[in-house]
Amino acid sequence: MAQISTQPYPGQKPGTSGLRKRVIEFQQPHYLENFIQAVFNSLPELRGATLVIGGDGRFYNQVAIQTLLKMAAANGVAKVWVGRQGWLSTPAVSALIRRHSAAGGFILSASHNPGGPQGDFGIKFNSANGGPASDAITERIYAASQTIEHYSICQVADVALDQPGHAKLADMDVEVIDPVTEYADLMESLFDFSQIRALLAEPEFTFYFDAMHAITGPYAQEIFSRRLGLPTKFLLNCEPLEDFGGGHPDPNLAHADDLLQALQDAGVFSFGGASDGDGDRNMLLAQSEMINPCDSIALLAANAEQLPGYRGKLNGVARSMPTSRALDRVAAELNIPCYQTPTGWKYFGSLLDAGKITLCGEESFGTGSNHLREKDGLWAVLFWLNLIALERCPAQTILRNHWMKYGRDFFTRHDYEQLDSQAAEKMLASLQEQLPALPGRTAAGLNLTKAESFSYTDSVDGSVSRDQGIILEFSDGSRAVVRLSGTGTAGATLRLYFDRHEMDTKQYEQSPQQALMHTISATLELLDIRQHCGRSAADVIT
Ligand code: VG1
Ligand code: CO
């Protein structure tokens, strides 16, 4: 074992979901090692413990996993479970941590961010509950990274990861496992696979899944093809590639072209799913119509009672604050609590651990349940397939039946990417200053009824997270949320979220952009992005 001298790098502060930087930043001498050592320094309980390690197969995964294994051994970790090829999806890591009572795990991924030598890399630490480390742990890791002087590493040969089996790295046990089996077993315990298999065998029903050359490829092959009998021609881009085939593993209408095209040619009784780089997000297409994730979580909650894994088990639900309030309506109907948390899955963890919620979701294509402590892309696809199998009707019809009962919550998100960070922060600070004076004021013809900065108190541990986004409410019942992304790696990304509830069925078929036109105009008038950041249009609209 060697002790290597090092010096702190500024800015090793994990964001919404781990430390995410350009690959070239991670390639700087000792950059990765510093962060890993900071985790071990701030969590002494990892000595003698078991860890789970895996990644989404992106560029730099191979190098980083070997470094991580050698440092884990040097820091006294007793045992590591690692996926074959270093592959594990984020939900699979979460499931394995829980199943094997590990003290935590490392996920090597920058999720939906592009990969390859010019792309992004990331590393995330999850705790013993299987979920992302809390704010308190994250702060400790960051503090440790700022005072680091040396790190420990075993200078030994790389561990072979190409086949399942047992190995030793110094005193540490390394168990190389098939990345898919245990996760697929878990899915099979939650859903009715025989019903889904029968649906997939029906000639008039078409289902496509797009893994976007990221981690869910091997999972989709095992689950949809081997266990559910789907012919492989319906599985798109299922070979994990280090650069995701040059694509952007962000499942939304702007990036999942192959899936969209395949579904455009399929009939009305067709359904599509896609997942992101690390397998925790989902995009669902009812033929070629995207099912908004805010509607999806609401609809799953409304129908959970029908599924074997959830019957009689819905204690409560939660959504991130910017997610539309469609879920709240279902919770009210079911007479269960609905919690509103800051953006990022870590805030759901304590509610799930305490048994206060069963299902939760975010507008950013993340949906999940108490089966693990991460959002779970394939789980959401299977949930929908199981519902379609039960209802025997197109997903569009299921969605419209839901709107008929609860009304439609129009939702859209506008992202402005790569803004100058200082300018963006100044713009938000200026809006923040105006908040007390905003209620009663009119913008673009809409009256503001409320303007506040979102502050969250965890109802389990009492921890407080302040300034988690600015909420503006208008007299037509609509809402806008303004916040800066915590996952970008270049400049600042401004996210604007808009939602409005509509009960007039004649209005249901308009586009969200049209339905939210006034709220969007009013928010843009208040923010004045052009003046502050020189931008007149959003880069990505979902
Ligand atoms: C984004 C999403 C957030 C999600 C996070 C991590 O964060 O908005 O809802 O939890 O990504 O998802 P931000 O701070 O950029 O808005 V993933 O799939 O990147 O692990
Ligand atoms: Co992800």
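The values are calculated or read from the model by the stated rules, or taken from the named source; none is laboratory data. Note that the coordinates shown come from a computational prediction; the quantities given were computed from them, not determined experimentally. Positions of Cβ are generated from backbone atoms using ideal geometry, with glycine treated the same way; all protein chains shown enter the neighbour counts. Accessible surface is based on the protein model in full, side chains and every heavy atom, while ligands, DNA and RNA are left aside. Shrake-Rupley method; radii C 1.70, N 1.55, O 1.52, S 1.80 Å.
Among the residues of the range 115-132, are any among the basic types (Lys, Arg) and farther than 27 Å from Val180 by Cβ? Quick ask: steps written out before the conclusion?
As a first pass, look at the range 115-132 and keep what is among the basic types (Lys, Arg): 124.
Next cut, farther than 27 Å from Val180 by Cβ only: none.
Checking the range 115-132: not a single residue is among the basic types (Lys, Arg) and farther than 27 Å from Val180 by Cβ.
Looking at (1) in a helix (DSSP H, G or I); (2) of a type outside the set (Val, Ile, Thr); (3) more than 16 Å from ligand 2 (Cβ to nearest atom), can you tell me which one Trp81 breaks?
(1)
Is it the case that the range 291-311 has a residue that's within 11 Å of ligand 1 (Cβ to nearest atom), assigned by TED's automatic domain parsing to the domain that holds Leu230 and at pLDDT 95 or above? Give the derivation first.
To start, the set of residues in the range 291-311 that are within 11 Å of ligand 1 (Cβ to nearest atom) comprises 293.
If we keep only those that are assigned by TED's automatic domain parsing to the domain that holds Leu230 as well, we get 293.
Checking the rest, the ones that are also at pLDDT 95 or above come to 293.
Yes, the range 291-311 contains a residue that is within 11 Å of ligand 1 (Cβ to nearest atom), assigned by TED's automatic domain parsing to the domain that holds Leu230 and at pLDDT 95 or above.
Restricting attention to the range 353-374, and to residues there that are under 21 Å from Phe106 (Cβ atoms) and within 16 Å of ligand 1 (Cβ to nearest atom), which single residue is nearest to the chain's Cα centre (by Cα)?
Gly366
Here's a check for you: in the range 47-63, which residue that is out of contact with any Gly (no Cβ under 7 Å at 6 or more places or on another chain) and open to solvent by less than 30 Å² (accessible area, probe 1.4 Å) is modelled with the highest pLDDT? Quick ask: steps written out before the conclusion?
Step one: of the range 47-63, the residues out of contact with any Gly (no Cβ under 7 Å at 6 or more places or on another chain) are 49-50, 57, 60, 63.
If we keep only those that are open to solvent by less than 30 Å² (accessible area, probe 1.4 Å) as well, we get 49, 57.
Working: Ala49: 97, Gly57: 94.
By that ranking, first place goes to Ala49.
Please go through the range 14-33 and give me each residue that is more than 16 Å from ligand 1 (Cβ to nearest atom) and crowded, with 24+ Cβ neighbours inside 10 Å, ordered by number.
Selection gives Leu32 alone.
For the condition crowded, with 20+ Cβ neighbours inside 10 Å and either touching a Gly at 6+ places or on another chain (Cβ under 8 Å) or of a type in the set (Gly, Ala, Ser) (or both), what is the one hit in Gly355, Gly361, Gly312?
Values: Gly355 fails: crowded, with 20+ Cβ neighbours inside 10 Å; Gly312 fails: crowded, with 20+ Cβ neighbours inside 10 Å.
Checking each option against the conditions leaves just Gly361.
Would a scan of the range 258-277 turn up a residue that is among the charged types (D, E, K, R) and away from ligand 1 (no atom under 16 Å from the Cβ)? Step through it out loud before you land on a result.
Within the range 258-277, the first condition is being among the charged types (D, E, K, R), and the residues that meet it are 258, 265, 276.
When the remaining residues are screened for being away from ligand 1 (no atom under 16 Å from the Cβ), the result is 258, 265.
Yes.
If you go through the range 165-203, how many residues are closer than 22 Å to Phe224 by Cβ and surrounded by 14 or more Cβ atoms within 10 Å (Cβ to Cβ)?
Filtering the range 165-203 down to residues closer than 22 Å to Phe224 by Cβ leaves 177-203.
Still in the running and surrounded by 14 or more Cβ atoms within 10 Å (Cβ to Cβ): 177-180, 182-184, 186-188, 190-193, 195-200.
Count: 20.
Right, Ala220: more than 17 Å from the chain's Cα centre (by Cα), away from ligand 1 (no atom under 16 Å from the Cβ) and either at pLDDT 95 or above or buried (at least 24 other Cβ atoms within 10 Å of the Cβ) (or both) or not? Lay out the reasoning, then the answer.
Numbers: more than 17 Å from the chain's Cα centre (by Cα): yes; away from ligand 1 (no atom under 16 Å from the Cβ): yes; either at pLDDT 95 or above or buried (at least 24 other Cβ atoms within 10 Å of the Cβ) (or both): yes.
So Ala220 passes the test.
Regarding Ala144, is this residue of a type in the set (Gly, Ala, Ser), free of Cβ contacts under 8 Å to residues at least 12 places away in the same chain and more than 30 Å from Asn252 (Cα to Cα)? Break it down stepwise before answering.
Values: of a type in the set (Gly, Ala, Ser): yes; free of Cβ contacts under 8 Å to residues at least 12 places away in the same chain: no; more than 30 Å from Asn252 (Cα to Cα): yes.
Answer is no for this residue.
Out of the residues in the range 274-298 that are open to solvent by less than 10 Å² (accessible area, probe 1.4 Å) and more than 23 Å from Val317 (Cα to Cα), which is farthest from ligand 2 (Cβ to nearest atom)?
First pass over the range 274-298, keeping only residues open to solvent by less than 10 Å² (accessible area, probe 1.4 Å): 274-280, 282-286, 291, 293-298.
Keeping just the survivors that are more than 23 Å from Val317 (Cα to Cα) gives 274, 276-278, 285-286.
Details: Ala274: 12, Asp276: 4, Gly277: 6, Asp278: 4, Leu285: 18, Ala286: 22 Å.
Going through the qualifying residues, I end up with Ala286.
Residue by residue, here is whether (1) over 17 Å from the mean Cα position of the chain (by Cα); (2) more than 16 Å from ligand 1 (Cβ to nearest atom); (3) of a type outside the set (A, V, I, L, M, F, W, C); (4) closer than 24 Å to Ile24 by Cβ holds:
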| residue | (1), (2), (3), (4) |
| --- | --- |
| Gln118 | yes, yes, yes, yes |
| Ile123 | no, no, no, yes |
| Gly131 | no, no, yes, no |
| Ser134 | no, no, yes, no |
| Arg140 | yes, yes, yes, no |
| Gln146 | yes, yes, yes, yes |
| Glu149 | yes, yes, yes, no |
| Ile153 | yes, yes, no, yes |
| Val159 | yes, yes, no, no |
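Looking only at residues that are within 14 Å of the chain's Cα centre (by Cα) and either small (Gly, Ala, Ser) or surrounded by 24 or more Cβ atoms within 10 Å (Cβ to Cβ) (or both) in the range 323-344, which one is nearest to ligand 2 (Cβ to nearest atom)? Can you show your working first?
So the first thing to find is which residues in the range 323-344 are within 14 Å of the chain's Cα centre (by Cα), and the list is 323, 342-344.
Then drop every residue that is not either small (Gly, Ala, Ser) or surrounded by 24 or more Cβ atoms within 10 Å (Cβ to Cβ) (or both), which leaves 323, 343-344.
Working: Thr323: 16, Thr343: 13, Gly344: 11 Å.
Taking the candidates together, the pick is Gly344.
If you check Ala437, Ala451, Ala480, Ala492, which single one turns out to be open to solvent by less than 40 Å² (accessible area, probe 1.4 Å) and either more than 27 Å from the chain's Cα centre (by Cα) or within 16 Å of ligand 2 (Cβ to nearest atom) (or both)?
Ala451
May I ask you to verify whether Gly312 is on the phi > 0 side of the Ramachandran plot and free of Cβ contacts under 8 Å to residues at least 24 places away in the same chain?
yes
Given (1) modelled with pLDDT of 95 or more; (2) within 14 Å of ligand 2 (Cβ to nearest atom); (3) not hydroxyl-bearing (Ser, Thr, Tyr), identify the lone condition not met by Ala95.
The one condition Ala95 does not meet is (2).
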